[in-house]
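No lab work stands behind these numbers, since they all come straight from the coordinates. Keep in mind it's a predicted model, so treat the numbers as computed, not measured. Virtual Cβ from ideal backbone geometry, glycine too; neighbours counted across all protein chains shown.
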Amino acid sequence: MTNILVTGGAGYIGSHACKALAAAGYTPVTFDNFSTGWRDAVKFGPAVEGDLRDRAALDAAFAEYRPAAVMHFAALSLVGESMKDPGLYWRNNVLGSLTLIEAAAAAGCARFVFSSTCATYGDQDNVVLDEDSAQHPINAYGASKRAIEDILRDFEGSHGLRHVIFRYFNVAGADEAGEVGEFHQPETHLIPLMLDAIDGKRDALTVFGTDYDTPDGTCIRDYVHVSDLVDAHVLGLRWLEEGKESRVFNLGTGSGFSVREVIEASRAVTNRDVPHTIGPRRPGDCTRLVSGSRRAETELGWRPERSQLNRMIADAWRWHQNGHYER
Ligand code: UDP
């Protein structure tokens, strides 16, 4: 069996990636410090507890498992938090990733799949973004991810470490079989917060700003089903196995939905009211982040088949009612 080192394998996207890797015949080896991830979410392969900034722990993991590739999900990923404490983001995301990339290069593990973000593009009103759009992040989260992209490009030149970078748009939904799902503590993301408000697990959702330059005044995002997203990673891994060149792919659907539209869809899917109030803008939020997926579709053969808004909310709702993890 071929081992793949999955950093952040205990997190939302990483745990779904482990499932997809196992289904594709790989052994996912989770490397996670369990600061935001969950031991219960590691179901498809072994786990190593360690921090990305701990080079010795990384070296030991590379020596023990000899992974053929790294899939790097582990990161802090909250826009609002990154605006309040940028140092946390530069230390954890950038220093941690640099240490990981150096350890991979030293171990001769030359295939690297990296989860980056549309937040690297920043605010570019009314354009559908593609991979060649300029990157001008407006928050420390996006800036930290862009810096890691730069590090990967440098290490390709110096060490021949080839990479596939995926810039995600908004990830939503949960594994259809309910084996893994989205569970953050604290939760800050729109759809899980909304589901909590719907079934009374928390107070009303606050809509962050209704004065954006969009048709209904709320921010627009491009939501992708987590299971579609991780399928792209398996295709990215194969791309590298085939010896193809380093490449950046956006993972979006080309359709944007406003916060109000997501609320409406949730009302329809759950057949329940969505208690919500209007609040001020959240610092660091872009007005609109929408991407085409032409490059991923034509070059990787990726199809975001499950990424209809109602389906993502229905899958999230099913998980929300039945699944959770314990520390
Ligand atoms: N949002 C909101 N209220 C919340 C959480 C999020 O109005 O309690 C909005 C947020 O401003 C953004 C969208 O929902 O426009 C998606 O936010 P989320 O935090 O889920 O993802 P992000 O786009 O920040 O990665």
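Where does each of M71, M312 land when they are ranked from fewest to most other beta-carbon atoms within 10 angstrom?
M312, M71
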Selected from G181, H159, N170, residue furthest toward positive end of dipole (segment 131-192; charges at beta carbon): H159
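Using the Cα gyration tensor of the chain, with a ≥ b ≥ c the square roots of its eigenvalues, what is the shape: rounded (a/c below 1.5), prolate (a/b larger than b/c) or oblate (neither)? Intermediate results must be reported in sequence, preceding the final value.
Values: a/c = 1.64, a/b = 1.42, b/c = 1.15.
The shape class here is prolate.
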Most fluctuating residue given options R66, R272, R311, as computed from a GNM of the chain linking Cα atoms under 10 Å: R272
Rounded tilt (10° steps) of 55-65 against the dominant C-alpha axis of the chain: 70 degrees
Label-reachable residues, segment 241-276, where backbone N falls under 16 Å from a point 7 Å from N310's Cα toward its Cβ: 261-272
Karplus (6.51, -1.76, 1.60) ³J(HN,Hα), θ = phi - 60°, over segment 11-28, in Hz, Gly and Pro reported as x: x, 4, 6, x, 5, 5, 5, 4, 4, 5, 5, 4, 5, 8, x, 9, 9, x
Too-long pairs where the Cα-Cα distance tops 30 Å, listed order kept, from K19/K84; K19/K201; K84/K201; K145/K201: K19/K84; K145/K201
Cut-off under 5 Å, modelled amide H: who pairs with L205 long-range: H276, T277
Relative contact order of the chain, defined on C-alpha pairs under 8 angstrom at six or more residues apart (%): 20 percent
Candidate aspartates and glutamates - alpha carbon under 15 Å from K244, same-chain residues fewer than 8 apart omitted: E156, E299
Translational diffusion of segment 8-159, µm² s⁻¹ [Kirkwood Rh, Cα pairs; Stokes-Einstein; 4 °C; 1.567 mPa s]: 80 µm²/s
Simple spin-label estimate for D150 and H324 in nanometres, 7 Å along Cα-Cβ: 4.2 nm
Computed helical MRE - 222 nm, the chain, DSSP H runs ≥ 4 contributing -39500 (n - 2.57), nearest 500: -11000 deg cm²/dmol
Fewest-first ranking of C118, C18, using other Cβ atoms within 10 Å as the exposure measure: C118, C18
